[in-house]
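**Student:** Input: one structure, supplied below.
The values are calculated or read from the model by the stated rules, or taken from the named source; none is laboratory data. Please read all numbers here as calculations on a predicted model, not as lab measurements. Don't worry about glycine lacking a Cβ; one is built from the backbone with ideal geometry, like all the others, and counts go over all protein chains shown.
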Amino acid sequence: MLLLADDSSKESRRAHVADKFNIIMLLGDDLGDFSAIFNNNSMEERREWVEKSDRISADSNAVLNSLLKRY
């Protein structure tokens, strides 16, 4: 468990963990929990990121399923 230090950014805490371990999954309830690039964006901008991500994910899944059907 990492407690909040002088720096409120989760980036520094993730970097500290990544020095010794491979991070395989991040969990959070806010985009800022995953990357600091989302911290200074409005709620509308964050929603746009999520919607764009959903479209990319859906497209990627469709491509993967198409490839798997061939084999």
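**Student:** Looking for whichever is modelled with pLDDT of 80 or more, among the charged types (D, E, K, R) and within 17 Å of the chain's Cα centre (by Cα) here; the options are Arg14, Arg55. Which one fits? Before the answer, list the steps.
**Tutor:** On the way: Arg55 fails: modelled with pLDDT of 80 or more.
Only one candidate passes the filter, namely Arg14.
**Student:** Can you name every residue in segment 20-46 that is charged (D, E, K, R), under 16 Å from Lys10 (Cβ atoms) and assigned by TED's automatic domain parsing to the domain that holds Ser9? Reasoning before the result, please.
**Tutor:** So in segment 20-46, the residues charged (D, E, K, R) come out as 20, 29-30, 33, 44-46.
Next, only the ones that are under 16 Å from Lys10 (Cβ atoms) stay: 29-30, 33, 46.
Of everything in segment 20-46, those that are charged (D, E, K, R), under 16 Å from Lys10 (Cβ atoms) and assigned by TED's automatic domain parsing to the domain that holds Ser9 turn out to be Asp29, Asp30, Asp33.
**Student:** Looking only at segment 6-47, which residues are loosely packed, with under 10 Cβ neighbours inside 10 Å and in contact with an Asp or Glu (Cβ under 8 Å, 6 or more places away or on another chain)?
**Tutor:** Leu27
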